[in-house]
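A.B. asks: Sending over a structure as structure tokens; questions will come in a sec.
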Amino acid sequence: MRGTRDILPEEIAYWQHVEAIAREQMAQAAYREIRTPIFEQTALFERGIGEATDVVGKEMYTFLDRGERSVTLRPEGTAGVVRAFIEHGLHTQGVQRLWYIGPMFRYERPGAGRQRQFHQLGVEVLGSASARADAEVIALATGLLNTLGLTELRLDLNSLGTADDRARYRQALVDYLTPYYAELDPDSQDRLTRNPLRILDSKDKRTQTIVQSAPNLLDYLCSDSQAQFAQVQELLTDLGIPYQVNPRLVRGLDYYTHTAFEIQSAELAGQETVCGGGRYDGLVAELGGPATPAVGWAIGLERLIILLQHRQTLAPADLDFYLVSRGSAAEAQAIVLAQSLRQLGFRVEMDLSGSAFGKQLKRADRSGAVGCLILGDAEAETHTVQLKWLVSGEQQTLAQADLPSRAPELRQQVQAVRQSTP
């Protein structure tokens, strides 16, 4: 179906690699995983994201269920996490450091790294107004990307200030843009009354030229907002994280306040943003909870996987043994032997084809396994197995009953072969 794609086994190694490193890094920073439903009541996103946004207005998958209730496939992760935070009383348990991973859904034009079903990895820190929380989540994102080998990245930083700051700036921006209305692209004309800040993010060349001389959002920040933004910058400098202030940076969701940021890569032509996030101090209260400051980010995994594929080749998990068998007795013993070895911690693939030994052995050579285990009529009768080391061609006979006691020796031999193989 257009806008969706299958992730085949050859690509899964990249996804597993990202997920494993993410889990390790989240655990190191004391972030706990949360899993929320894939669909929610539509009102959650209308209230949380904002009805004037493109996501709510144009991109959500919304439908009536059999109870005539309007439900929506989640277009992003934050609103669901905040709903769970309120519903389960997590606000009474101190600052919450949470992370999530899973599929999201938006009706967009599909492209490289952009699908209608896509996946996000995200973090949310709820309950802290400190600039240290902003710096921590940014450091977590850059640290994760650097650990994955992505170093040629650019961090853009801005402050959207308080709701009052944005209201003053919004009016100034509308006043500036209104005389240019006829020259704006159609999307920006529509946004002028609904969501004028999004015009700053327009990709239309003429609109980009017009906004170059637009008022600067940073000039409309109150003193408290300026101080908070300055502190975030100081902390990033202390952490050795390079950044550039981009006063044209706005996020596409209405709930953002104060810090907004994007991490970009020039390797993704047309889809440069790998990670985006910021502070959303008003969202918990907007959704019916107590006033709670919060900050977070999300990484688009499809774009991240594309970057990793450009930089490195990841092989599937190494196979220890490929098990071939021929004959009813041998095949019956083979499945028991394979399961026994797996329980001992070995990675074993059992050939299920029933074809001639020659064909099975050719598949063993192509499998990448260190050794090939061979079971035929003679081995079945004596309850033995032939072990052939595929690199050297050396072969030995082992009693099947002795394999558990010889497991440490076999493990050392497998490791030695891997270390000696270029």
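A.B. asks: How many residues are out of contact with any Leu (no Cβ under 8 Å at 6 or more places or on another chain), under 18 Å from Ala298 (Cα atoms) and in a loop (DSSP other than H, G, I, E, B) when one looks only at the stretch 1-33?
C.D. replies: Residues meeting the conditions: 1.
A.B. asks: Further question on the same structure: Collect the residues in the stretch 270-281 that are modelled with pLDDT of 90 or more and assigned to a loop (DSSP other than H, G, I, E, B), keeping them in residue-number order. Outline the logic, then answer.
C.D. replies: If we filter the stretch 270-281 for residues that are modelled with pLDDT of 90 or more, which is where we start, we get 274-281.
Scanning the stretch 270-281 gives Tyr280, Asp281.
A.B. asks: Exactly one of (1) assigned to a helix (DSSP H, G or I); (2) of a type in the set (S, T, N, Q); (3) at pLDDT below 95 is unmet by Gln339. Its number?
C.D. replies: (3)
A.B. asks: Right, next: Condition check: part of a loop (DSSP other than H, G, I, E, B), of a type in the set (S, T, N, Q) and either assigned by TED's automatic domain parsing to the domain that holds Gly127 or farther than 30 Å from Asp201 by Cβ (or both). Does Thr36 satisfy that? Even if it seems obvious, please write down each step before you answer.
C.D. replies: Details: part of a loop (DSSP other than H, G, I, E, B): yes; of a type in the set (S, T, N, Q): yes; either assigned by TED's automatic domain parsing to the domain that holds Gly127 or farther than 30 Å from Asp201 by Cβ (or both): yes.
The answer is yes for Thr36.
A.B. asks: Just checking, how many residues over the stretch 92-112 are surrounded by fewer than 17 Cβ atoms within 10 Å (Cβ to Cβ) and in contact with a strand residue (DSSP E or B) (Cβ under 8 Å, 6 or more places away or on another chain)? Quick ask: steps written out before the conclusion?
C.D. replies: Initial filter on the stretch 92-112 (surrounded by fewer than 17 Cβ atoms within 10 Å (Cβ to Cβ)): 92-95, 102-103, 107-112.
Filter once more, so that each one left must be in contact with a strand residue (DSSP E or B) (Cβ under 8 Å, 6 or more places away or on another chain): 95, 102-103, 107-108.
Residues meeting the conditions: 5.
A.B. asks: Shifting gears a bit: Can you tell me which residues in the stretch 119-144 are buried (at least 19 other Cβ atoms within 10 Å of the Cβ) and either modelled with pLDDT under 95 or part of a helix (DSSP H, G or I) (or both)?
C.D. replies: Within the stretch 119-144, Ala131, Ala133, Asp134, Ala135, Glu136, Val137, Ile138, Leu140, Ala141, Thr142, Leu144 meet the criteria.
A.B. asks: Collect the residues in the stretch 218-266 that are at pLDDT below 90, farther than 17 Å from Gly278 by Cβ and among the aliphatic types (A, V, I, L, M), keeping them in residue-number order.
C.D. replies: Within the stretch 218-266, just Ala266 meets the criteria.
A.B. asks: Quick one: Ala285 ticks every box in (1) at pLDDT 90 or above; (2) part of a loop (DSSP other than H, G, I, E, B) bar one, so which box is it?
C.D. replies: (2)
A.B. asks: So, one more: Among the residues of the stretch 323-336 satisfying the criterion of being within 21 Å of Gly358 (Cβ to Cβ) and not small (Gly, Ala, Ser), which is surrounded by the fewest Cβ atoms within 10 Å (Cβ to Cβ)?
C.D. replies: Going residue by residue through the stretch 323-336, those that are within 21 Å of Gly358 (Cβ to Cβ) are 323-331, 333-334.
Still in the list and also not small (Gly, Ala, Ser): 323-324, 326, 331, 333.
Values: Leu323: 23, Val324: 25, Arg326: 19, Glu331: 16, Gln333: 19.
Checked the stretch 323-336; the qualifying residue surrounded by the fewest Cβ atoms within 10 Å (Cβ to Cβ) is Glu331.
A.B. asks: Being in contact (Cβ under 8 Å) with a residue 12 or more places away in the chain and assigned by TED's automatic domain parsing to the domain that holds Leu145 is true for just one of Glu68, Glu19, Glu24. Which residue is that? If you could, list the steps in order and put the result at the bottom.
C.D. replies: Values: Glu68 fails: in contact (Cβ under 8 Å) with a residue 12 or more places away in the chain; Glu24 fails: in contact (Cβ under 8 Å) with a residue 12 or more places away in the chain.
So the residue among Glu68, Glu19, Glu24 that is in contact (Cβ under 8 Å) with a residue 12 or more places away in the chain and assigned by TED's automatic domain parsing to the domain that holds Leu145 is Glu19.
Here's the yes/no breakdown for (1) of a type in the set (Gly, Ala, Ser); (2) surrounded by fewer than 19 Cβ atoms within 10 Å (Cβ to Cβ); (3) within 30 Å of the chain's Cα centre (by Cα); (4) not in a helix (DSSP H, G or I):
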{"site": "Gln189", "(1), (2), (3), (4)": "no, yes, no, no"}
{"site": "Arg198", "(1), (2), (3), (4)": "no, no, yes, no"}
{"site": "Lys203", "(1), (2), (3), (4)": "no, yes, yes, yes"}
{"site": "Ile210", "(1), (2), (3), (4)": "no, no, no, no"}
{"site": "Pro215", "(1), (2), (3), (4)": "no, yes, no, yes"}
{"site": "Leu218", "(1), (2), (3), (4)": "no, yes, no, no"}
{"site": "Gln228", "(1), (2), (3), (4)": "no, no, yes, no"}
{"site": "Val232", "(1), (2), (3), (4)": "no, no, yes, no"}
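A.B. asks: Mind checking whether some residue in the stretch 337-348 is surrounded by fewer than 16 Cβ atoms within 10 Å (Cβ to Cβ) and more than 17 Å from Pro404 (Cα to Cα)?
C.D. replies: No, the stretch 337-348 contains no residue that is surrounded by fewer than 16 Cβ atoms within 10 Å (Cβ to Cβ) and more than 17 Å from Pro404 (Cα to Cα).
A.B. asks: Can you find, within the stretch 343-377, the residue that is modelled with the lowest pLDDT among those that are more than 16 Å from Asp320 (Cβ to Cβ) and in a loop (DSSP other than H, G, I, E, B)?
C.D. replies: Ranking the qualifying residues of the stretch 343-377, first place goes to Gly354.
A.B. asks: Looking only at the stretch 37-51, which residues are in contact (Cβ under 8 Å) with a residue 40 or more places away in the chain and in contact with a strand residue (DSSP E or B) (Cβ under 7 Å, 6 or more places away or on another chain)?
C.D. replies: Kept after step one, since they are in contact (Cβ under 8 Å) with a residue 40 or more places away in the chain, are these residues of the stretch 37-51: 37-38, 40, 44, 47-50.
Those that are in contact (Cβ under 8 Å) with a residue 40 or more places away in the chain and in contact with a strand residue (DSSP E or B) (Cβ under 7 Å, 6 or more places away or on another chain): Ile38, Glu40.
A.B. asks: Could you tell me which numbered condition Glu267 fails, if it satisfies all but one of (1) crowded, with 20+ Cβ neighbours inside 10 Å; (2) of a type outside the set (Val, Ile, Thr); (3) part of a loop (DSSP other than H, G, I, E, B)?
C.D. replies: (1)
A.B. asks: In the set Thr178, Thr162, Thr151, which member is hydroxyl-bearing (Ser, Thr, Tyr) and touching a residue at least 24 places away in the same chain (Cβ under 8 Å)? Quick ask: steps written out before the conclusion?
C.D. replies: Details: Thr178 fails: touching a residue at least 24 places away in the same chain (Cβ under 8 Å); Thr151 fails: touching a residue at least 24 places away in the same chain (Cβ under 8 Å).
Step by step, each of Thr178, Thr162, Thr151 is checked, and only Thr162 is hydroxyl-bearing (Ser, Thr, Tyr) and touching a residue at least 24 places away in the same chain (Cβ under 8 Å).
The values are calculated or read from the model by the stated rules, or taken from the named source; none is laboratory data. No experiment lies behind these values; they were computed from the predicted model shown. Glycine gets a Cβ as well: all are built from the backbone with ideal geometry, and neighbour counts include every protein chain shown.
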